Structures are given as C-alpha cells and as structure tokens.
1. Hand me the list of helices (runs of 4 or more DSSP H) wholly inside region 252-312 holding 1 or more residues that are closer than 21 Å to CYS345 by Cα and out of contact with any His (no Cβ under 6 Å at 6 or more places or on another chain).
2. I need the full set of residues from region 64-87 which are within 13 Å of ASP154 (Cα to Cα), part of a helix (DSSP H, G or I) and either of a type in the set (A, V, I, L, M) or in contact with a helix residue (DSSP H, G or I) (Cβ under 6 Å, 6 or more places away or on another chain) (or both), in order please.
3. Just to check your reading of the model, which residue among GLY536, GLY532, GLY546 is in a helix (DSSP H, G or I), assigned by TED's automatic domain parsing to the domain that holds CYS600 and either out of contact with any Ser or Thr (no Cβ under 6 Å at 6 or more places or on another chain) or of a type outside the set (Asp, Glu) (or both)?
4. Name the residues in region 352-379 that are surrounded by 21 or more Cβ atoms within 10 Å (Cβ to Cβ) and either in contact with a strand residue (DSSP E or B) (Cβ under 9 Å, 6 or more places away or on another chain) or among the small types (Gly, Ala, Ser) (or both), would you?
5. Scan (1) in contact (Cβ under 8 Å) with a residue 12 or more places away in the chain; (2) among the hydroxyl-bearing types (Ser, Thr, Tyr); (3) within 26 Å of PRO331 (Cβ to Cβ) for the single condition SER68 breaks and write down its number.
6. Given the structure, is VAL221 buried (at least 23 other Cβ atoms within 10 Å of the Cβ), modelled with pLDDT of 95 or more and over 15 Å from VAL201 (Cα atoms)?
7. Could you list, in sequence order, the residues of region 484-517 that are under 24 Å from LEU584 (Cβ atoms), free of Cβ contacts under 8 Å to residues at least 40 places away in the same chain and either touching a strand residue (DSSP E or B) at 6+ places or on another chain (Cβ under 9 Å) or among the hydroxyl-bearing types (Ser, Thr, Tyr) (or both)?
8. Going by the conditions given, is LEU542 within 21 Å of the chain's Cα centre (by Cα), under 28 Å from GLY424 (Cβ atoms) and not small (Gly, Ala, Ser)?
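The values are calculated or read from the model by the stated rules, or taken from the named source; none is laboratory data. In this text, all values refer to a predicted model and were calculated from it rather than measured experimentally. Because the Cβ atoms are built from the backbone with ideal geometry, glycine has one as well, and the counts that use them run over all protein chains shown.
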Amino acid sequence: MPDDNRYSVLFESVKIGPVTAPNRFYQVPHCDGMGYVRPRAEAAMRGIKAEGGWGVVSNQETEIHPTSDLSPFAEGRLWDARDIPGLRLMTDAVHEHGSLAAVELVHNGNHSQNLLSRAPMLAPGEMSVDGSLPKQARTMDKQDLRNLRRWHRDAAIRARDAGFDVIYVYAGHNMTVAQHFMLPHMNDRSDEYGGSLENRVRLTRELLEDTREAVGDTCAVAFRFAVDEMLGRDGMQAAEEGRAVVELLAELPDLWDVNVCEWANDSMTTRFQPQDGYQNDYISFVKQVTTKPVVAVGRLTSPDMMVSMVNKGIVDFIGAARPSIADPFLPKKIEEGRIEEIRECIGCNICVSADSQQVPIRCTQNPTMGEEWRRGWHPEKILPKKSEAEVLIVGAGPAGLECAMQMARRGYEVTLAEAGAEVGGRVIAESAMPGLGAWKRVVDYRMNDLQQRANARLFMESALTAEDVLELDIPNVFVATGTHWRKDGIGRATQRSAPEIDGSVPVFSAGDIMAGQGPDAGPVLIYDDDHGYIAGVLAEKLAEAGQQVIFATPETMVSHFTHLTLEQHRVQARLIELGVDIRLTHVFGGIQSGQATLNCAYTGRTTQVEIASAVLITQRVRETALYDALKGKGLTTLELIGDAANPGFIADAVYAGHMAARNFERHPAEVDAEWFRREITALTDEG
C-alpha cells in the first residue's frame, strides 16, 4: 500500500448481498471472442484479471437458451448442464486468487438471429430482427414469457452450480429482451406487460425476483441497466424514465451495474470522447435512490478520479472493461504505489474489433491479452535471459519499443537506435492527429519503463547503415524500420491497373500530411483504399483547416473498418458536418490536367472532378533496405519485425515486438511446434 494511504478506500471490502468483494475494483462483463468456443482461453484471461487484483471478475453476455443464439459470435453459453464444466474453468481460475466471479445471463430478444439454432426469434412485439437479415421476430405470448422466466431461473441455478458468486439480470446496450420490454418504441403491448412504465418493467422485476428466489441465499443478484439511451427525447433518459426504473426496482437487486447505451456509447473511443469518467453525469443519481452498492464505468484509468468517485458517493465499485484489458494488474499497481507503471487504455477499441470479427480479444497496449492460455503469456512476467547475448534494435516505433522493453525486462543488454529526433514512429505521427492524442500513451508507457533500466540504451538521430550495424559488433539485430505510405494510387481496387497521374497537381501521401506537409489550396481529393481510420482523420484535419475536401472510396461507407470499433457512424457524421464532399463506391482512375477521374465501382462509369491537390491513401511500402543489406553478413540473429515485416495496426506492431522478445534464443523448431495451443472439440458417442 502507498505510504500516504491516499488510495486505501479503493481496497476496502464491500458486501454484495450474501457475498463480499475483497476490494472496489470490478471488471464488468465484456466480450472477448473466446466464450464457450474457447473456454480454457477465457478462463486463463479472467484468472489473470483476478491475479491482478480485480475483486470481482465477470464473464460476458451468456445465452440462456437456443432462442437467444448469438452465433457465430463466441459469447458465453449456459443452455443446459453440459455448459457448466467450461464455465467452472473460469470460476475456479478467479477463485484461486480470492476474487468473486460474476456471470451475465441474457436473453437477447430480437438481437438474437438464431443462425445456429434456427429457433424462432422472440420480442415484445412484431418487429424486424436487429441486423440486416430480412427476417422478423414474433410477439411473445404469455406462454413465451413463462418459458423465458423458467429458462432464466434454470440458467441461474446452473450458474450457481458452476461456481459463480454474482448472477446478473441484464437490461442494457439495446441487446436484451428485458430492456426491449422497457422501451416504448419496441413494446406496444396492451396487456400487463405494456403501456405504463411499471408494466414495461414488470418482466425485469419478475426476472430479478425469480433469480433471487432461486439462488439469492448463496449468490448475489446484480442488475445491469442502461439508464440513458443517449437519444435525447427519442429514447429513455436518465433524468426521466431511467431514474424512474431505478426508483421502481431500487432495493430488489444486490448490486446496480449502470451505464449508457448503445454499446457504441458505453464504449466510446477517445477519438470522440477523450474524457475519462464521461458517464458520471448520467449515472451519478443512482446512489441517491438505492442503498445497494453501485458500479459504473467510463474508461477509468486515473486512481485519483477513482477515489473521488467513491468519496463523492457516485459509486461503490470502480467498474472497468477496457482499462482491465489494457492492464489486468491495474489494481495491484495502485495498491503497491506503482502508478507510473499502469498501462493506460488508449480507447482505440481494437479489443472491440476482435469480438466483432469473432476472434480472441487483443489490445494495443497489452499484447498478452487473449494469449494467456494459447501462448502462456503473462502481462507482468517474462522468462529471464538465457545467455549474456547483446541485442540491437533498429527503430523506436511501437514494435521496436515493445521489443526493447521486453528484452530489457528479460535481462539482456539492449541498444535501441532511432533515426529520428523523437521516439514513437507512427504512434507519434498519428497521435498528433485530431482525436488521437491518447494514443501517445503507447509510447509513454514503454519509454517510462525503459528509462528505469540500466541495461537499455537509446540513441536518437542514429540512422544506421549496414556498415554501422556491423561495426557495433552486436550479433543479434532486430529491424523495426516501419513503412512509408505510397502515393501512386495503387491499392486494392487499382492493383490490376495503375492510375495515370500526370503531375498537373501536387500529390501527397498520408505520411506527408501527418508530417506537416500539405495542400495550400483546395479542392483536395482524399482517396481512401486503406479503409482504416487514417483517411477519415486526415479528411477531418484538412476540413478543419478550411480546405475544401472531396473524400472518395471504393467502399459503401467512410472508413469502413471503424464500424468494428463502434465509431464509423461518428466518423461519417463528423465529415458531413465539416462539409466534406463524400463520393462512395468510386475507384480512383488517375489525374490529368487538374482533373481526377473517379470510376463507379459497380458500373465503371466515369466522373471527372476538378481538384487542386490529392492525398492518396492506399497501401504502405515496407522499409527493408537495412534488413536486406544485413542478410548473409554473419549475424547470429537478424529479424524483421513490426510494420516493416507486415504492415498492420499499431496493436499488430506491438504484438510483433513482444513476440520477438519472447521467442529470442528459442529454437525455431520449438517456436513452430508451439505456435499456440488450440481448443479442439472432442468427439464422443453422445455428440
């Protein structure tokens, strides 16, 4: 505990019904792309959170019945007793470290498309399913409601038998049937479950009462509730019906887990919401209404803010999903006075994108996330050095910094050489763009660590040639020289036919704009065939600077990838508000005589657009000259890492640097044989 004890309030135990949490750190339910498909990986990841000091560790939305089938997404599943052993792996891993385990039971209503089960889709009324399928859910009749209550009760009993200490009723994120019944636009019933708010809350009350009756003597009953839909008068608002719901149910659950919805609001990126604790204005009333403990989130990373929220009576528990992903040991570091060692969440939502793509969770700040069981990686532990070997790392971008830090942690003598005047590579360039300032935390965390280590040396403005490297006589070299953006227009849609560019207007790359070079006058064409976040950010930057911007892309939306990070709608709205001329489904055809050619991606029809300059954002070129020049020069180790090996996200570069450090001095055959462990379905006669 820190000498001044200023954070001691965070480490007080808190009673939740019949169970007691050892402290106020509460990892709220969050998806991870593992769930029932990869239960060992799920258990190991949650167990690491408990080891890191989270007093309560929750799983994720957990389906209670085949009529709430979220396939192909790998969430939790508790359809019957056969699901108990997989969940028991998690509760055992969490209990091993003295923490409480929580399960978020859910029936998703029309949010479930039941693609695997092919069961009927259920909802308060007749409505389309939530998604793009041309299918509908049917109105739940009284028997359906009785069935739902039985399914939920049975799942609660199974959850208790699986070892969970806290069992949720879930009405949030516009993803659950309990919440759907509360919302007037989804519930137009005329029976006792529709009409007045009290009637619309009836189902939730029954689920809470059923759960308490079934397990309430041994397990706490938690209620996760979205107090505000963030739609103003068009939705439930915290100041009105949101508060009224809390008043109606105030003392019924043992714990209130409150937030805003939808998910894109609850997990807003720093690009559009830079403030930590941004949900406080919506949820602060809850403790005025109930005597039960309250947990809330808001990308909370500052220990001082955490203490303030508890002392002001806003919450009893510090809730976190993304901060617990970025640093599973955040509570331990606060408890031990190691605040500067916290890996702060940057709010990029790469973690969310993994779940959206149905793969195990990952994190820009924490490359071990999702690899705890698969690779045996621990966020705070790494095997010590095997020899007295020295290591040279060329390039202090995200891959180079992570590799250097982990090599130094292992105990090797590390030399890090950076050609530029500032460390960070692409992270520094991108973090200077609109809304991305928090991304600099990737550099800050690693530089703070390296500066504490006597076995790590950093040399700036050191553009090394192959001769320089060989002269240093360090036999193990990792080349992390990154990439540069091409500006010839060649990308996915133009791979077969290179655009013709006659030089009549200046053409810039994404790197040029981030380096401060840029068009003096508009109109400027931004052509995006990268489909990530960069083109949208640069369009915003130029438009804010007063440039007339034309944004063209072969895709059907701006910055297509960002729908996986829950921000695409905000990206496109921002550009529309800034007056950007958006040309969707258009392929760049070239520039001649001050005109850009844009070809319809479907028909090939051509449009000519008058422009004064262009920014072509398509692909990157790997910087491999140094690596190529060092091949065959007798080095013991020569490895290309990060973007220089495979251009991708910052998270990919950090991961590559981390892997290089972990695998150093391992035999290649051993590395290949243990790529990662897989969870393979066992075939039995039962099927």
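1. 263-266, 280-283, 303-311
2. Within region 64-87, ALA81, ILE84 meet the criteria.
3. GLY536 is the lone residue from the list that is in a helix (DSSP H, G or I), assigned by TED's automatic domain parsing to the domain that holds CYS600 and either out of contact with any Ser or Thr (no Cβ under 6 Å at 6 or more places or on another chain) or of a type outside the set (Asp, Glu) (or both).
4. SER353, ALA354, ASP355, GLY370
5. (3)
6. yes
7. Within region 484-517, SER497, ALA498 qualify.
8. Spelling it out, it is not the case that LEU542 is within 21 Å of the chain's Cα centre (by Cα), under 28 Å from GLY424 (Cβ atoms) and not small (Gly, Ala, Ser).
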